[in-house]
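The values are calculated or read from the model by the stated rules, or taken from the named source; none is laboratory data. Just so it is clear, the structure is predicted and the values come from calculations on it, not from any experiment. With ideal geometry, Cβ positions are generated from the backbone for all residues, glycine too; neighbour counts draw on all protein chains shown. In case anyone asks, the SASA skips ligands and DNA or RNA and just uses the protein heavy atoms, side chains included. Shrake-Rupley method; radii C 1.70, N 1.55, O 1.52, S 1.80 Å.
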Amino acid sequence: MNRLRIGLIGPGAIGETHARAIRALDDTVLSAIAGGTPEQIAACQNGEDVPAFVTTEAMLANAGIDAVVVCTPSGAHHDVALAAIEAGRHVLVEKPLCVDPAEAASLVRAAERSQLTCGVVSQRRLEPQHQAIKTLLDTGRLGQPRLIEAAIHWYRSDAYYAEKPWRSEAEHGGGSLFNQGVHNLDLMLWLFGAVDSVQGKTATLGHTHAVEDTTAALLSFASGTLGVIVTSTALPPGRPAVLRLFTDRGSCELANDSIVRWDFADVAEPPSAAGVGSAASDPKAIGIEGHVAQWRDFVQAVRERRPPASTFRDGFEAARLVDAIYRSAAEGRAVGPNEIAAEAIHAS
């Protein structure tokens, strides 16, 4: 079977991660690169003769590709992803889908009209412990959900933000909730369902830039259960991300990729992922296995004509939940995610 030919938009740190993951699979091949500096392009080429284009438009017009992966700064995802869809290419967008929920809704509409395979990177959904817990929750074996907690107690130095200024810019999702916490926020939505309202607080505690580096929020789920998420990049030396789930039959706790507590007496503890690095103090500590799993699922979705593990609509829901938390913090009131970009998404 022919390999899926991938065009990479936005070489850089996460672009290089995708290039390595694409190269690790027999079903994918990196066939073009758009944008970036000569050094970034060379890092993604890894010595191979991969054509490089100055612009996305030039790549879409001239490269022999089936799909693209969008690895630009978060606030610049919309236009290039839309251009790729309009050019008839399947699209995988690095998280978050968009910083602006209205732009995310625009991509949902375009994707669903096109009937192309369009997904957003949420590789933590694919880890075996999360897959098993999702199945156990959906089948009722863990009981009735009552509470879910996520904690991202991480640290990022001033040098991290200085290296790439967009990391400290709100318009590019540089805050701790959007840039570091969105994976766990996505897991909370995936496991416990839709959120009716949020109450959030934000602060900048450990850095000099204006965007928040610490957020705390209370989530009220449509099911009646509650959730709490705390994200920070101002807590040295940094600890592995934690996710805790509580039901009427027991509880469990996960630290990064491992189940560290399992209190469901009549249900066997699921296996944990192996070798997923913790980004508690160093984003480069994360390996490529999660992205390899994401690409494996994406290729299968293209071939089977099914939705990928995380769709554009999933990415939209995460984006507007983050926006609701930020709006709640700014306005000092509870905010419903449905207040945000509701008309835009309902138009799809």
**Q.** Solution diffusion estimate, µm²/s, Stokes-Einstein, the chain, Kirkwood Rh from C-alpha pairs, 20 °C, viscosity 1.002 mPa s
**A.** 104
(Q) From zero outward in steps of 5 Å, how is the percent of C-alpha pairs of the range 202-340 spread across the bins? (A) 2, 8, 12, 14, 18, 20, 17, 8, 2, 0
Q | Dipole magnitude of the chain about its Cα centre (Cβ charges: Lys, Arg +1; Asp, Glu -1), debye to nearest 20 | A | 480
Q | Cα point-scatterer Debye curve for the range 70-134, base-10 log of I(q)/I(0) at q = 0.17, 0.19 Å⁻¹ | A | -0.59, -0.70
Q) Hey, what number do you get for the chain at 222 nm if only DSSP H runs of n ≥ 4 count, each worth -39500 (n - 2.57), divided across all residues, to the nearest 500? A) -10500 deg cm²/dmol
Q: With no solvent and one equal point scatterer placed on each C-alpha of the range 149-250, evaluate the Debye formula and give log10 I(q)/I(0) for q = 0.12, 0.16 Å⁻¹, two decimals.
A: -0.41, -0.68
Q) So, by mean Cβ neighbours within 10 angstrom, what's the order for 144-150, 123-129, 303-309 with the highest one leading? A) 123-129, 144-150, 303-309
Q | Karplus-derived HN-Hα couplings along the range 139-147 (A = 6.51, B = -1.76, C = 1.60, θ = phi - 60°), whole Hz, x at Gly and Pro | A | 8, x, 6, 8, x, 8, x, 10, 7
Q: Report, by chain and number, residues whose modeled amide H sits under 5 Å from the one on Ser251, excluding near sequence neighbours (fewer than 5 apart, same chain).
A: Asp263, Phe264
Q. For the residue pair Ser114 and Ala58, what label-to-label distance in nm results when each label sits 7 Å from Cα along the Cα-to-beta-carbon direction?
A. 2.2
Q) Over the heavy atoms of Lys201, what accessible area does a 1.4 Å probe trace out, to the nearest 10 Å²? A) 150
Q | Dmax and Rg, reported as Rg then Dmax, of the range 215-296 (C-alpha, Å) | A | 15.2, 40
Q) On average over all directions, what projected area in square nanometres does the range 2-111 have, based on the convex hull of its Cα atoms? A) 6.3
**Q.** Per-residue HN-Hα couplings for the range 27-37 [Karplus 6.51, -1.76, 1.60; θ = phi - 60°; Hz; x = Gly/Pro]
**A.** 8, 10, 9, 6, 10, 6, 9, 10, x, x, 7
